[in-house]
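The values are calculated or read from the model by the stated rules, or taken from the named source; none is laboratory data. Quick caveat, the model's predicted, so the values are computed rather than measured. We place every Cβ from the backbone using ideal geometry, glycine too, and count neighbours over all the protein chains shown.
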Amino acid sequence: MLEEVERWLARRSWTAADRPLDLLLSAKRAAGTTVSVVLPALDEEPTVGAIVETIRRELMDGLPVPLVDELVVVDSDSSDRTAEVAAKAGARVVHRDEILPRVPALPGKGEVLWRSLLATSGDVVCFVDADLRDFSSVFVSGIVGPLLTDPDVQFVKAMYDRPLSPEVDGGAAGAAPGQGGRVTELVARPLLNLHWPQLAGFVQPLGGEYAVRRSLLERLPFPVGYGVELGLLVDALHTVGLDALAQVDVGVRLHRHQSGQALGRMAAAIYRTAQVRLSRGHLVRPVLTQFERGPDGFVPRDHAVDTEERPPMRDVAEYARRYVA
């Protein structure tokens, strides 16, 4: 299996510099491919505006052919000015609950990504997290590039360094290289290596930046919560095969890191997503108990583990009427 992973790495791992912007624009013009960028956002007022402005300035406005045809922020019921800031910066903002209103929305990132397929029209859909700092447009152009230049590629993940930043996370001066992907290293990577070793070559399997052909995305079920990245990657492997999957190095990713307890809930959801794909069996207790110190000692707090998944979008009547022949 190691040899298969090494062959895949040699064939399907690139850097963003391998495909300069002029090459991508030429390929896009020739093929007539359209690209949608989706930012799922929940209380991301401090960062979403700069991301939108960078994409508009460098990949949309003033180019002979825009690399990005559609830039959509899907607001997941933010309590701050996320929607206002994103719209002012030049994005089309859609509230999660406005998409497919007959189906009550569930909380979770995967829910927003699933609904975004009905709010966009691009042949290629590129997801970018809205909490990135010092954002570079290569997070978009890098992962869209293989889909514009290689018809055999269908799913591209970004890979990058994820340092723990003291500016965001506290601690001593300087960033801790490679220490930002804690759930990846403790949960996702062991699961993939043990159960789906073909995917062992992915550097950032849980990263929120990836681009996928709509024709594949619409065929995949979406876990509604934190398990969405693992679920989509595993299901894409089984649907189109390893050689249709790729990754591109885009440098360094700086973003807000979550608390240890939030990471615990994320880990439980990811384990659950893997469990379902391994057995499609029954979860005996889809609840995670964590502890917080109170006045009289440690107090247990129960948190439901994400157990819902949305069906492939092409099975939804509203989507089928619009996109499926």
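Side notes on the structure shown:
- Apart from one condition, residue 70 fits all of (1) surrounded by fewer than 18 Cβ atoms within 10 Å (Cβ to Cβ); (2) free of Cβ contacts under 8 Å to residues at least 60 places away in the same chain; (3) over 30 Å from residue 199 (Cα atoms); (4) within 23 Å of the chain's Cα centre (by Cα); the exception is (1).
- Being closer than 20 Å to residue 216 by Cα and either among the small types (Gly, Ala, Ser) or modelled with pLDDT under 95 (or both) holds for only one residue in 145, 90, and it is 145.
- Restricting the stretch 1-58 to residues that are among the β-branched types (Val, Ile, Thr) and more than 30 Å from residue 99 (Cα to Cα), the residue that is modelled with the highest pLDDT is 15.
- Single residue of the stretch 1-39 satisfying the filter (closer than 22 Å to residue 51 by Cβ and small (Gly, Ala, Ser)) that is surrounded by the fewest Cβ atoms within 10 Å (Cβ to Cβ): 17
Here is a yes/no grid of residues against (1) part of a strand (DSSP E or B); (2) in contact with a helix residue (DSSP H, G or I) (Cβ under 9 Å, 6 or more places away or on another chain):
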{"residue": "24", "(1), (2)": "no, yes"}
{"residue": "29", "(1), (2)": "no, no"}
{"residue": "40", "(1), (2)": "yes, yes"}
{"residue": "64", "(1), (2)": "no, yes"}
{"residue": "73", "(1), (2)": "yes, yes"}
{"residue": "78", "(1), (2)": "no, yes"}
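- Conditions (1) surrounded by 18 or more Cβ atoms within 10 Å (Cβ to Cβ); (2) among the aliphatic types (A, V, I, L, M); (3) farther than 24 Å from residue 149 by Cα; number of the one not met by residue 262: (1)
- Filter result (touching a helix residue (DSSP H, G or I) at 6+ places or on another chain (Cβ under 8 Å) and either in a helix (DSSP H, G or I) or among the basic types (Lys, Arg) (or both)) within the stretch 104-139: 109, 110, 111, 112, 113, 114, 115, 133, 138
- Of all residues in the stretch 192-236 being in a helix (DSSP H, G or I), hydrophobic (A, V, I, L, M, F, W, C) and at pLDDT below 95, the one that is surrounded by the fewest Cβ atoms within 10 Å (Cβ to Cβ): 194
- Considering only residues in the stretch 270-325 that are among the polar types (S, T, N, Q), within 23 Å of residue 232 (Cα to Cα) and at pLDDT below 90, the one that is surrounded by the fewest Cβ atoms within 10 Å (Cβ to Cβ) turns out to be 279.
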